[in-house]
Amino acid sequence: MPLTAAQVIIKFQRLLNSMDLFALTAHEIMGLIVSGKVSAGDVAVSLRARTVACNPKTNAFIRIYDDPERDEKPYCVPVAIKDNICFKGHPVTCASGILKNFCPPYDAAVVEKIKSAGGVIPGALNMDEFAFGSSTESSVYGITRNPWDLERVPGGSSGGAAAAVAAGEAVWALGSDTGGSIRQPASFCGVVGLKPTYGRVSRYGLIAFGSSLDQIGPITKDVTDCAALMNIISGFDMRDSTSVNVPVPDYCRSLTNNLKGLRIGIPGEYFIDGIEQEVLSTVRSAIDFFKKEGAVIKEITLPHTEYAVAAYYIVATAEASSNLARFDGVEYGLRAVPAKARKAGIVDMYEETRARGFGDEVKRRIMLGTYVLSAGYYDAYYLRAQKVRTLIKNDFDRAFLDCDIILSPTAPTTAFRIGEKTQDPIAMYLSDIFTIPANLAGIPSISIPCGFDGKKLPVGLQLMAAPFAEEILLASAFAYEQAHPWHLERAKL
Amino acid sequence: MSLTGFETVIGLEVHLQLNTATKIFCGCRNVFGEDANTSVCPVCLGLPGSLPVFNRKVLVSGIKVGLALNCAINTFVKFDRKNYYYPDLPKGYQISQFDFPIAGKGFLPVLTDGKEKRIGITRAHIEEDAGKLIHDDVQNATLVDYNRTGTPLIEIVSEPDMRSPQEAFDYLTTLKLLLQYLDVSDCDMEKGSLRCDANVSIRPAGETKLGTKTELKNMNSFSAVKRAIEHEVKRQTGLLLAGEKIVQQTLLWNEDKGITTPMRSKEQAHDYRYFPEPDLVPFTVTSEEIERVCQDVPELPNARLHRFAEQYSISEYDARILVQDRVFADFFEAAAGMGIEAKKLCNWMNSPLMKELNDRKCRINALKLTPAALVALITRVEDGTISNLSGKEVLADIVISGTAVDDLIKTKGLAQISDDSALESVVDAILGENPQVVEQIRSGKPGAAGFLVGQAMKRLPGKANPKKLNELIQRRVTNV
């Protein structure tokens with residue numbers, strides 16, 4: 001159960017500056033534990049202390065859980081989870097007022113996997129309400145701040161996860177990615193974020209946003225941790241009909257350091273006006289590195305890229321409008337009736353509950369999604385968007401005949417200022433312009449740190465690969481990381 | 001066609017709950033009559049994060065129904081979401097099939113008004129049932145029972161091919177029989193496992209364009225469907241004759257008052273916003289799978305009727321009665337295989353045995369009667385051991401008791417007197433009392449003996465074989 005902040009502070013005040021285990025990666029911590037240098041308890045204490053110290057600044061965690069009594073074998077470094085992943089007996093809210101106090105009676109598939117690997121869930125991470133957003137500014141629990149610059153957003157919607165890992169409050173975390181919600185905040189916070197192939201990780205227990213786009217994935221400090229967490233969460237699940245029965249390789253074994261002959265596609269459509277110059281030059285120097293290491297750089301074209309954002313906002317909002325219909329005040333969550341109504345009917349209850357329970361962006365997307373599915377508009381919007389989606393997928397299929405990976409910036413900018421885009425939804429939507437196509441095509445995509453801009457804000461490099469080619473993504477990312485220790489830099493908090 | 005010059009046009013939508021062991025998208029038991037909200041899980045409760053997994057047994061039932069209704073089977077299996085808000089629908093959408101129903105166009109031959117008529121089937125699709133609302137007047141609250149949520153349904157939509165309430169009734173009876181043979185549902189309207197909505201319109205005789213239709217709901221029996229349609233046709237005819245227009249709307253049948261009332265317009269203004277269900281991946285059924293289901297489809301009522309008539313040399317009329325219930329027909333076949341004359345067996349089943357069933361309002365499998373026992377009983381009647389009348393008495397007993405036929409004959413003392421000397425004294429007495437009749441017989445009217453047989457039977461209730469008595473009388477009369 002969550003402790004109050006005051007209880008937590010008293011409990012851990014003593015230990016505040018005693019250890020810096022929190023600054024390590026999961027594989028480093030595992031190494032120390034295996035060699036007997038530290039205990040699981042030491043790790044928990046260090047992390048808790050760090051969270052107590054930093055969370056008031058970042059607001060990355062929205063709930064902190066007590067470490068339960070447990071058998072320490074097997075042991076897995078605690079995995080923090082985004083607040084849209086069901087954790088039995090704990091509140092899971094999607095950062096929305098409508099789900100305040102909703103406690104799922106079951107664990108998500110990924111939580112089961114973490115538990116059986118010996119892991120615990122140290123707390124729930126902030127997000128944009130129902131994962132609708134790119135800045136973690138629409139949470140009912142308040143905004144999350146970027147550890148690299150507290151006046152800036154951490155990205156979103158998994159902003160809490162990226163900020164927690166960047167701040168050392170969590171060693172690693174799970175986010176969800178519907179249109180870039182893992183990769184864009186990873187980019188903004190200087191950490192590694194992977195959106196797996198659609199169907200690689202079970203969605204059972206992930207509160208749905210866009211069912212045909214959603215995937216759970218790791219947010220970690222480095223590529224090695226990313227591979228290790230993928231080993232834990234991947235795999236077929238009978239309970240998710242969209243999960244795919246493809247054997248799970250040992251992703252840690254894919255971390256080789258050889259880039260010779262790797263064919264890298266550079267899509268012209270991802271290097272366009274509107275990208276910040278420093279982002280562009282940083283990404284270009286990454287391309288130079290790959291070239292130098294013996295990779296084959298190919299200019300490619302993904303001609304339907306320009307339609308991706310439009311298609312995405314039709315498909316994703318259509319699915320969301322239906323997925324969120326269940327939050328109606330009947331079975332669980334918030335129930336509200338109009339104050340003035342003498343005799344409120346069921347429709348009054350629906351309207352009042354949803355009017356009060358949902359924030360503006362959620363309402364905006366429900367309206368959009370409802371509209372595009374409406375009689376007379378379905379063909380013009382939803383059906384056409386699905387056709388565009390097929391064209392985008394075909395673009396990638398064609399590209400991957402000649403390339404092993406496709407490289408681009410993760411986002412057109414580095415972290416923007418809090419409030420900068422809240423009044424301009426379209427500008428906010430464009431923050432995901434380079435991440436959305438991978439969701440539409442269902443392909444895996446990773447964002448890794450590739451440097452900093454002049455304001456010392458992290459820049460992200462995105463790599464995409466064919467379905468179920470996560471190994472090649474991790475291998476390429478690992479090779480880059482070995483030569484560029486950006487991941488070792490820590491935000492000063 | 002009616003006297004008013006209007007033709008009635010009826011199409012029916014039948015919702016059928018399937019009798020699969022588990023629900024359509026989760027592992028919960030598919031049962032009726034449990035305590036409220038006990039057969040539920042995160043999936044059928046529509047809890048956030050839960051996902052549906054399709055129960056392939058439902059597909060088998062769907063294909064069976066499609067094949068039996070002569071439908072084209074869609075091998076591409078796809079689900080869609082039908083979005084609407086109602087408290088019994090926990091997800092805010094129903095998972096259904098929109099553009100690729102499991103079964104496409106087909107037809108059902110229906111015997112109506114003495115002729116066989118083909119009623120077109122538009123489609124049959126698979127979907128999930130919603131929960132049940134219970135209105136609690138004491139607390140002035142509405143409660144929801146989610147046990148029914150996720151019960152597999154097949155919706156069978158007919159073409160607007162029926163022209164009278166009676167035709168609609170005959171269609172439903174025929175359809176229900178077919179579905180019972182398929183063993184996909186218990187087809188019990190009272191439990192709600194079979195539900196029917198009717199689309200009704202009228203048009204001037206000779207007109208080919210359809211009139212404005214209304215949809216009738218809330219009928220709890222086939223006869224209620226018939227009555228509701230009759231009422232609606234009258235109402236629509238009255239409106240048109242008065243020069244008014246028919247408004248397309250949904251009407252609820254009130255069985256007690258025998259009237260229909262419109263649903264609130266808010267509940268009618270649905271735009272269901274169908275779109276493909278992203279949580280279920282479409283798949284293709286192989287022709288081998290369909291072939292396997294095909295082999296699993298039992299002989300259907302119509303085919304069985306014709307086979308019975310031919311194989312057992314019984315009338316179509318008799319065969320039709322036999323096949324009206326699958327277990328009844330099974331019983332007949334089992335008994336017929338025991339070397340008894342089929343026509344005799346059929347007479348016993350369709351008359352005295354049917355009376356027992358009707359009196360007890362049950363199906364034959366609820367009785368203790370076995371095919372062998374019925375055959376033994378008929379054999380005893382045929383060989384003269386007991387009279388026809390005693391046979392019926394035995395039947396009425398053994399259907400409940402299960403006692404062996406011969407034992408019962410013995411304990412009840414029902415065996416007929418076949419010993420001539422015992423009969424002779426009675427016959428002689430009767431002959432003596434009726435000299436005129438004896439004269440008539442002697443003068444060449446052997447039929448007059450019937451009266452004397454009757455008199456003798458009265459004195460030996462149930463124990464004398466009339467054939468034997470007749471023989472005896474004829475012999476005595478000619479000898480004397």
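Read-outs throughout are calculated quantities, based only on the coordinates presented, and are distinct from any laboratory measurement. Being a predicted model, the structure only gives us computed values, none of them experimental. No Cβ is skipped: glycine too gets one built from the backbone with ideal geometry, and neighbour counts run over all protein chains shown.
How long is the gain from residue B:459 to residue B:37 if the chain were fully straight, where each residue apart is worth 0.36 nm and the alpha carbon distance is subtracted? Walk me through the numbers on the way to the answer.
Details: separation 422, 0.36 × 422 = 151.92 nm, distance 6.65 nm.
Net length gain for the segment: 145.3 nm.
Only alpha carbons enter this Debye calculation for segment A:279-376, each as an equal point scatterer, and the log10 of I(q)/I(0) it gives at q = 0.16, 0.17, 0.25 Å⁻¹ is -0.80, -0.85, -1.24.
Of all lysines in the structure, those lying under 17 Å Cα to Cα from residue B:57, and not within fewer than 8 positions of it along the same chain, are B:23, B:78.
Ordered by the count of other Cβ atoms within 10 Å of each Cβ, fewest first, A:63, A:50 give A:63, A:50. For the protein assembly as shown, the C-alpha radius of gyration divided by 2.2 N^0.38 Å, with N the number of residues, is 1.29.
Lys pairs in segment A:203-362, Cα-Cα under 29 Å, at least 8 apart or on separate chains: how many? Don't skip to the end; give the middle numbers.
On the way: A:221/A:260; A:221/A:291; A:221/A:292; A:260/A:291; A:260/A:292; A:260/A:298.
Lysine pair count for segment A:203-362: 6.
Principal axis extents of the C-alpha atoms in segment B:9-153 (largest first, rounded to whole Å): 54, 36, 27.
Taking a ≥ b ≥ c as the square roots of the Cα gyration tensor eigenvalues, with a/c under 1.5 meaning rounded and otherwise prolate when a/b beats b/c, else oblate, which class fits segment A:5-260? The shape class here is rounded. Within the shell defined by Cβ-Cβ distances under 10 Å, the residues around residue A:113 carry a net charge of -2, with Lys and Arg each +1 and Asp and Glu each -1. Simple point charges give the picture: +1 on the Cβ of Lys and Arg, -1 on the Cβ of Asp and Glu, and for chain A a dipole about the Cα centre of about 780 debye. When A:25, B:237 are sorted by how many other C-beta atoms sit within 10 angstrom of their C-beta, beginning with the fewest, the order is B:237, A:25.
Our helix-only sum for chain A, with -39,500 (n - 2.57) per DSSP H run of n ≥ 4 divided by its residues, gives a mean residue ellipticity at 222 nm of -11000 deg cm²/dmol. Here's how it looks for residue B:259: its modeled amide H is under 5 Å from those of B:254, which are all 5 or more places away or on a different chain.
Straight Cα distances below 15 angstrom link residue A:492 to the aspartates and glutamates A:20, A:149, A:151, A:169, with same-chain residues fewer than 8 positions distant left out.
Counting neighbouring Cβ atoms within 10 Å and putting the fewest first, the residues B:158, B:351, A:187 line up as B:351, B:158, A:187.
Considering only DSSP beta bridges with both partners in the protein assembly as shown, what is the antiparallel share in %, to the nearest 5?
Working: 84 of 100 bridges.
If we restrict to bridges inside the protein assembly as shown, about 85 percent are antiparallel.
In terms of its C-alpha gyration tensor, segment A:77-223 comes out rounded, because the ratio a/c of the largest to the smallest axis stays below 1.5.
Would you mind working out the magnitude of the charge dipole of chain B relative to its Cα centre, with +1 at each Lys and Arg C-beta and -1 at each Asp and Glu C-beta, to the nearest 20 Debye?
Details: 58 positive and 63 negative charges, 134 e Å.
The dipole magnitude comes to about 640 debye.
Give me the compactness ratio for segment B:366-411, meaning the Cα radius of gyration over 2.2 N^0.38 Å.
Working: Rg = 9.4 Å, N = 46, 2.2 N^0.38 = 9.4 Å.
Cα Rg divided by the expected 2.2 N^0.38 Å: 1.00.
Evaluated at q = 0.11 Å⁻¹, the base-10 log of the normalised Debye intensity for chain B, with identical point scatterers placed on the Cα atoms, takes the values -1.00. The Kirkwood radius of segment B:6-289, taken over pairs of alpha-carbon atoms, gives through the Stokes-Einstein law at 37 °C and 0.692 mPa s a diffusion coefficient of 165 µm² s⁻¹. Looking at segment B:126-283 only, what percent of DSSP beta bridges run antiparallel? Nearest 5 please. Once the DSSP bridges in segment B:126-283 are tallied, antiparallel ones form about 85 percent.
Kindly provide the Kirkwood hydrodynamic radius of segment A:213-350 in Å, to one decimal, from all pairs of distinct alpha carbon atoms. Don't skip to the answer; put the middle values down first.
Numbers: mean 1/r = 0.0483 Å⁻¹.
It works out to 20.7 Å.
The helix-based estimate of mean residue ellipticity at 222 nm for chain B, built from -39,500 (n - 2.57) per DSSP H run of four or more residues and divided by its residue count, is -12000 deg cm²/dmol to the nearest 500. The Kirkwood hydrodynamic radius of segment B:420-479, based on inverse pair distances between different Cα atoms, is 11.2 Å. Within a straight-line Cα-Cα reach of under 17 Å, residue A:393 can be paired with the following lysines, leaving aside sequence neighbours fewer than 8 residues apart in one chain: A:195.
Could you list the trypsin sites (Lys or Arg not before Pro) in segment B:353-393 that lie in coil according to DSSP, counting only those with at most 16 other Cβ atoms within 10 Å of their Cβ?
Taking segment B:353-393 and a limit of 16 other Cβ atoms within 10 Å, the loop trypsin sites (Lys or Arg not before Pro) found are B:361, B:363, B:368.
When the pairs A:37/A:57; B:105/B:209; A:115/A:455; B:115/B:191 are compared against a 28 Å limit on Cα-Cα distance, A:37/A:57; A:115/A:455; B:115/B:191 fall above it.
Going by a ≥ b ≥ c, the root eigenvalues of the Cα gyration tensor, does segment B:67-162 fall in the rounded group (a/c under 1.5), the prolate group (a/b larger than b/c) or the oblate group? Oblate. As an equivalent ellipsoid, chain A spans semi-axes of 32, 30, 20 angstrom, where each value is the square root of five times an eigenvalue of the C-alpha gyration tensor, largest first.
Each of residue A:310 and residue B:351 was given a label point 7 Å from its Cα along the Cα-to-Cβ line. The distance between the two points is 8.1 nm.
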